[in-house]
Every structure is written in structure tokens, then in C-alpha cells.
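Asker: So that we are looking at the same thing, I have put the structure below in C-alpha cells.
Nothing in this text is a laboratory measurement; each read-out follows from the coordinates by a stated rule. Only a predicted model underlies this, so the values are computations on that prediction, with no experimental measurement involved. A quick note on method: Cβ atoms are made from the backbone with ideal geometry, for glycine too, and the neighbour counts reach across all protein chains shown.
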Amino acid sequence: MPGLTLNKENALCFVWVLFVSVVYVRRACGGVQKDVAALLESAGVSASGRVVLKPNLITCEASPTTTPVDIVEALAEWFMGGGCEVIVAEGSGWGDTWEAYKALGYTKLAERGVKLVDLNMDSYEVVENESAIVLKKFEFPLTLKDAYVVSVPVLKEHSITGVTLSLKNMLGVALGEKGRVARKGRFHRLGIDESIVDVNMYVKPKLAVIDGRVAGVGGELGSKPRKLGVIIASEDLVAADAYACTLLGYNPHSIRHLVLAWERGLGSVNLNEVEVVEL
């Protein structure tokens, strides 16, 4: 910036102009409930009414292929503690959602007042967006309508998109194709990166909470564990994913759907515009 001299008086102002998003990073150390509470309280998260938590349960495989139930349970308890109705909703892409709920321990959440929904079978309304890249029409699940939606992925690599984080996780909200093993296969046929962006334009989650305590490497199925020991939260899903992918050695600008999402105004892919707050 020509002509700008930084000094004590204008340094804080310069930082305020530079940082457009905040990503909170918690070094997992106090138990998942304490860690989640610290993240959400530091981020100033506030919700009322219906909260929908969207984990990544692509199959019945345990973490790090799928989101561990304990972090979803911690989020549910935090939001219910604030008087919210909490729903866990997923539409498994490679299996039966209810089988995944049962195999991975999610059914125990129902005993605590959390409703479980299979989004592959949810009622929906058709909405349209002419500015969408490939999904000009979208079957919007009614469970998500007017809800505070939280994307809760595990931090993981993907064989096609490089990473699957909070934005990619949202493909699971779309109706699954009946009778298919790859229930979200239409997005691959249309263009997976473009579809990721379009779905997030329709749904627009309020918050990302990325479980990077144990990341998944080597692909989206049969992921091999890599201990990172972090949990990440941000109201800017693009920024959260941009930071998270660096922990796996990826340049955010090499992840096509992150760049497309940034170009569409969904968040910041430029980490020099993001304040990272370590807790």
C-alpha cells in the first residue's frame, strides 16, 4: 500500500481493515465438551429456535472416515443448553443413513432429546437460483428451512476434490438418488466443485465446526488416521476450510471449490485476510 507508514497509532486500524474473517482453533486438550464450549463462546455463537447439525456420515465406517459422535453430542448439548431444539441431519452418500446412525452411536442422541433425520428421504420444496453455476433448481429439505445449520465434518482428504471439509460436507443435505450406491452421483456428473458451491448458496450454513483431532488421509473412504489435535470453528466456511486444508499440506488456492466459493462471495479463501485465533 504506497504511502502507508505503520506506527503505533494506525497499526490496529490496519489490522482491522486487513482481516475480514476469523477462524478459531482449539488445541484439543480439555475434553471435547470443554473444547467445543470454548470455541463457540469465543466465536460469540448465538442461536435460537431450531439448530441442525450436519455431520459427515458417508458410510458406516468409524472415524476418521466419518464425524465422531462425541463432537456432535457436545454441540447438541451446548445448543440445547441455550434452549434450542437440536436436530442431527444427514443423507449418507454411500450407504443407508439409519444404518450409519446405529453403527456409529448416533442413536443414543435420541435418548437426550435430539431428533435424527435422514435427508435422503426428507420432504422438500423446489427452489430456483438463476445465478447458480449448475444447479438452477434444488430440492431444499424442509428440515433445514429457517434453521441454524452447522456443518460438522471431520478434517479429511478427498480423491477428487482434494479435501472434504465444511463446504463439501453440505452435499449430504441433497436428496439421494434411490437405488444407487453413490447416492450423490449426479453432482459428479454435473461438476462436483460447482455443485458444492451451488448447494452452499442454497443452504448457507451459519457455522462450521471441523473435527481435526484425528484427520483422515488417503481418501474419503477407508481414511487413514493422522493425529492433528485441533478443532476449528468459524462463521466463514470458506475461511475455515482454507485454514483446515493447510494442515494437510494443501494450498487453499489449489482447491477448486474453495476458489469458486470465494468468487461467489461465500467467504474468504485468502488466509492473509483471515485472523486465526488459537485458544
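Asker: Using a Förster distance of 22 Å, how high is the FRET efficiency between MET121 and VAL217, based on the Cβ-Cβ distance and rounded to 0.05?
Answerer: E between MET121 and VAL217, to the nearest 0.05, is 0.10.
Asker: Which whole-number percent gives the relative contact order of the range 59-156, counting Cα pairs below 8 Å spaced six or more residues apart?
Answerer: It rounds to 31 percent for the range 59-156.
Asker: So for the chain, taking the charge dipole from beta-carbon charges (+1 Lys/Arg, -1 Asp/Glu), which of GLY219, ALA43, VAL238 sits furthest toward the positive end?
Answerer: GLY219
Asker: Rounded to the nearest 0.05, what FRET efficiency do SER131 and ASN272 give with R0 = 41 Å and r taken as the Cβ-Cβ distance? Could you check?
Answerer: That gives a FRET efficiency of 0.90.
Asker: For the chain, set up a Gaussian network in which alpha carbons nearer than 10 Å are linked by springs, and say which option among CYS245, CYS29, CYS84 fluctuates the most.
Answerer: The residue with the greatest mean-square fluctuation here is CYS29.
Asker: Which of these, ALA43, ALA233, ALA215, has the largest mean-square fluctuation under a Gaussian network model of the chain (Cα springs below 10 Å)?
Answerer: Answer for the Gaussian network model of the chain: ALA43.
Asker: Under 14 Å Cα-Cα from LYS108, which aspartates and glutamates qualify once same-chain neighbours fewer than 8 residues away are excluded?
Answerer: Within reach: ASP70, GLU73, GLU77, GLU99.
Asker: For mean projected area of the Cα convex hull in nm², several values are listed as (1) 18.7; (2) 14.1; (3) 15.6; flag the one computed from this structure.
Answerer: Only one listed value fits the structure, namely (3).
Asker: Starting from the Cα gyration tensor of the range 36-96, take the square roots of the eigenvalues, sort them a ≥ b ≥ c, and report rounded, prolate or oblate (rounded when a/c is under 1.5, otherwise prolate if a/b is larger than b/c, else oblate).
Answerer: It is prolate, given that a/c is not under 1.5 and a/b is the larger ratio.
Asker: Report the gain in length on full extension from THR107 to GLU41: 0.36 nm times residue separation, minus Cα-Cα distance, nm rounded to one decimal.
Answerer: 21.1 nm
Asker: Would you please classify the overall shape of the range 185-226 from the alpha carbon gyration tensor, given that a ≥ b ≥ c denote the square roots of the eigenvalues, rounded means a/c under 1.5, and beyond that prolate means a/b larger than b/c while oblate covers the rest?
Answerer: oblate
Asker: If you count the DSSP beta bridges with both ends in the chain, what percent of them are antiparallel, to the nearest 5?
Answerer: If I count the DSSP bridges inside the chain, around 50 percent turn out antiparallel.
Asker: Then there's this: Identify which of GLU128, GLU90, GLU220 has the largest mean-square fluctuation in a Gaussian network model of the chain, with springs joining Cα atoms closer than 10 Å.
Answerer: The residue that fluctuates most here is GLU128.
Asker: Please compute the contact order of the range 23-278 in relative form: average sequence separation of alpha-carbon pairs under 8 Å and at least six residues apart, divided by the residue count, as a percent.
Answerer: Taking the mean separation of contacting Cα pairs over the length of the range 23-278, I get 23 percent.
Asker: On to the next question. Anything over 26 Å Cα to Cα? Flag those among LYS145/LYS224; LYS137/LYS168; LYS115/LYS224; LYS136/LYS168; LYS102/LYS156, in the order listed.
Answerer: Cα-Cα > 26 Å for LYS145/LYS224; LYS115/LYS224; rest within.
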